[in-house]
Amino acid sequence: MALLAPCEYGLPQSWLPDETLFSLCSRYHAISGNRLASTTCRLLFGHKTQGCAHDFPARIGHFLTAAGPALGPAADIVEDRTVLPFYLRFANPDFAERVVLASQQASSGALKFQLGLLTSRFRANHPLKACHLCMSEDAREHLTAYWHRTHQLPGVWVCQRHRCWLHMSDLKATGVARFQWILPSWSQAITSDDAQPPEEAFALAAMITGLVSQRGLSLSPEVLRETYRRGLRNRGLLGTGGHRLRSKEAGNVYAAFLGPLPRMDQLGGLPTCRAAASAEIARLIGPIRSGIHPLRHIALASWLFDSTDAFLNQCEAAGHTTVTREERHPSAPPATSANAPDERKQRLITLLEAGVSVSRAAREVGVDTNTGMAWAASHGIATPRRPKVLTPEVRTALLRLLKRGVSKDAAAEAAKVSVQTITNILRSEVGLHQAWKEAQFDRTQRHSRRRWLCYITANPHSGVKAARLTEPAVYAWLYRNDRDWLKNQTLAMERVARSPQARVDWDQRDRELSDQVGRVALELHEAEPDRRIRLFQIYQRLPELKAKLFKLDRLPLTKSVLYSVVGKKRGRDGGQMGNTQQV
């Protein structure tokens, strides 16, 4: 088989089986004759570096202009030829759609921050991985080894076809060849483990590849939480009533499952002991949170369920229509009308206006009672309630908190109810959700303004750039939501920054610094009386001294103390002092 088929740029016009976008571009670079990687990147992506990332795609629109229609649409390339779907399966559908659209035009630089990878404890790098047996077969059948998408998925460290470990190349992930185009080769720094992979590693890999292969899959936190509870209940790890976790037993079993997994960078954030495993389970079945790394979900799912299908079936049972899988049910009939939800909503409103109870009206139109109450509230119709946990006193207190803009978590904690209960109240109480959003905006605005003013008051001459670096989140919120106020403050800061600053009192600085040097020298001498004091030892304990070494001509007292302590025969390398300009 030919390595490449001709096109306008000599770009391949078909994908190799399970090939990544980065691999196809690397194949083109290998035979293009381009000496520089940036030349290839400009041809394919219209930029000297954007587009050469091996994990997240960028500027696919320009790539398709160069490649033509044969390689498929941009959405299919993102879905089938990159690792991005691994993260989008657990992301909000709206966010996932925005990410796919952005990958067609912009750089992927901000994606790792937006996905929370920088603070996930799993690291944000994605090392390139290859199976040595696949490399040999690919070279024989396709005349070149290439990168398989299945092997690149985070958490996959085994080749499921050949039942062996994957080899890792750290050239891209460590920045050594950050902007280069490379293909699998034994000449690279590829490492692996010679031992036979444990079955747990294959179970995890199977769950990861199974979920990623489900196009259109969207797993909400509510569905996952209920699905995990079902799995724990089936294993007998929930206590009486099926609500309380049997922490010790569950932690022991889960830790035993995770124990054989390799402690690679991508798996380093998983629990390693019973206490951590128990805390991990409690977190995933507890109050709904966002920002949880997909590997935490997938590791728990691969322990609780025998296969991807078993897991997804439980998700569907737990969430009904919340789980969407385009390829899983290709023969499912389409909705009878694009306006079906609106028709049901209108029918429910008509029933309520006719005096039918909200629960009966919801059953009539085929929706949940809470959904019916939310629809009624959106039309300004208040519905009667039958309080169980939410007594009138508790409800009144909750309404007061929410109208003040208190977060859902804080309100739930104050009333000893679930966050879902707070959500239901916000949706079903007429006008409450809008009032809560406005109050939250006011609270955030006051907080952000106060933080910004505190900083510029304490640092009047720092300038806007320093303030942005110190308070990036505050600046970003003010820039998006309170730009006029921020602009006025910025102009005031620039005027202060340009104003003459007070002259430095060198005499006072000299006296203070010489006293500090003498004190540090005395401490070093008392700690090791027989050892010569070196200059680096002093400025290790007194960091501000290092910046003043080139100004010792203006600090005579400090200079004298330093000479008396470390001498003046040698320069920085010897730890003693010669010419002060060489220190």
For Gly355, work out the one condition from (1) under 25 Å from Thr423 (Cβ atoms); (2) at pLDDT below 80 it doesn't fulfil. (1)
List, please: which pairs have Cβ atoms under 8 Å, are six or more places apart or on different chains, and start with a residue in the stretch 429-453 that is of a type in the set (Val, Ile, Thr) and end with one that is not in a helix (DSSP H, G or I)? Val430/Gly380; Val430/Ile381; Val430/Ala382
Enumeration of residues in the stretch 46-73 that are in a helix (DSSP H, G or I) and either among the acidic types (Asp, Glu) or over 25 Å from the mean Cα position of the chain (by Cα) (or both): His62, Phe63, Leu64, Thr65, Ala66, Ala67, Pro69, Ala70, Leu71
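Output yes when any residue across the stretch 428-447 is acidic (Asp, Glu), at pLDDT below 80 and assigned to a helix (DSSP H, G or I), and no when none is.
Within the stretch 428-447 (the criterion being acidic (Asp, Glu), at pLDDT below 80 and assigned to a helix (DSSP H, G or I)), the answer is no, since none of the residues qualifies.
Can you pull out the residues in the stretch 108-137 that are in a helix (DSSP H, G or I) and either under 18 Å from Ile208 (Cβ atoms) or in contact with a Pro (Cβ under 8 Å, 6 or more places away or on another chain) (or both)?
Taking the stretch 108-137 and keeping what is in a helix (DSSP H, G or I), we get 111-114, 117-119, 132-137.
The answer is Leu117, Cys134, Met135.
Being charged (D, E, K, R) and surrounded by fewer than 18 Cβ atoms within 10 Å (Cβ to Cβ) is the filter here; which residues of the stretch 404-435 pass it?
Once the filter is applied, which keeps residues that are charged (D, E, K, R) and surrounded by fewer than 18 Cβ atoms within 10 Å (Cβ to Cβ), the stretch 404-435 yields Arg404, Asp409, Glu413, Lys416, Arg427.
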Name, by its number, the condition in (1) within 26 Å of the chain's Cα centre (by Cα); (2) not in a helix (DSSP H, G or I) that does not hold for Pro17. (1)
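Matching residues to (1) touching a helix residue (DSSP H, G or I) at 6+ places or on another chain (Cβ under 9 Å); (2) under 24 Å from Leu171 (Cα atoms); (3) in contact (Cβ under 8 Å) with a residue 12 or more places away in the chain; (4) not aromatic (Phe, Trp, Tyr):
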{"site": "Gly51", "(1), (2), (3), (4)": "yes, yes, yes, yes"}
{"site": "His54", "(1), (2), (3), (4)": "yes, yes, yes, yes"}
{"site": "Ile60", "(1), (2), (3), (4)": "yes, yes, yes, yes"}
{"site": "Ala67", "(1), (2), (3), (4)": "yes, no, yes, yes"}
{"site": "Pro73", "(1), (2), (3), (4)": "yes, no, no, yes"}
{"site": "Asp76", "(1), (2), (3), (4)": "no, no, no, yes"}
{"site": "Tyr87", "(1), (2), (3), (4)": "yes, yes, yes, no"}
{"site": "Phe90", "(1), (2), (3), (4)": "yes, no, yes, no"}
Is it fair to say Asp80 is over 16 Å from the mean Cα position of the chain (by Cα), in contact (Cβ under 8 Å) with a residue 12 or more places away in the chain and in a helix (DSSP H, G or I)? yes
All but one of (1) buried (at least 18 other Cβ atoms within 10 Å of the Cβ); (2) at pLDDT 80 or above; (3) closer than 22 Å to Ser14 by Cβ hold for Ala91; which doesn't? (3)
For Phe86, indicate whether it is assigned by TED's automatic domain parsing to the domain that holds Thr40, part of a loop (DSSP other than H, G, I, E, B) and in contact with a Leu (Cβ under 6 Å, 6 or more places away or on another chain). no
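Results for (1) under 26 Å from the mean Cα position of the chain (by Cα); (2) modelled with pLDDT of 90 or more, shown as yes or no for each residue.
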site: Val253; (1), (2): no, yes
site: Pro262; (1), (2): yes, no
site: Gly291; (1), (2): yes, no
site: Pro330; (1), (2): no, no
site: Thr336; (1), (2): no, no
Any residue in the stretch 146-163 that is crowded, with 20+ Cβ neighbours inside 10 Å and either at pLDDT below 85 or over 25 Å from the mean Cα position of the chain (by Cα) (or both)? yes
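The values are calculated or read from the model by the stated rules, or taken from the named source; none is laboratory data. If you're wondering where the values come from, they're calculated on a predicted model, not measured in any experiment. Counting neighbours? That spans all protein chains shown, and the Cβs are built from the backbone with ideal geometry, glycine included.
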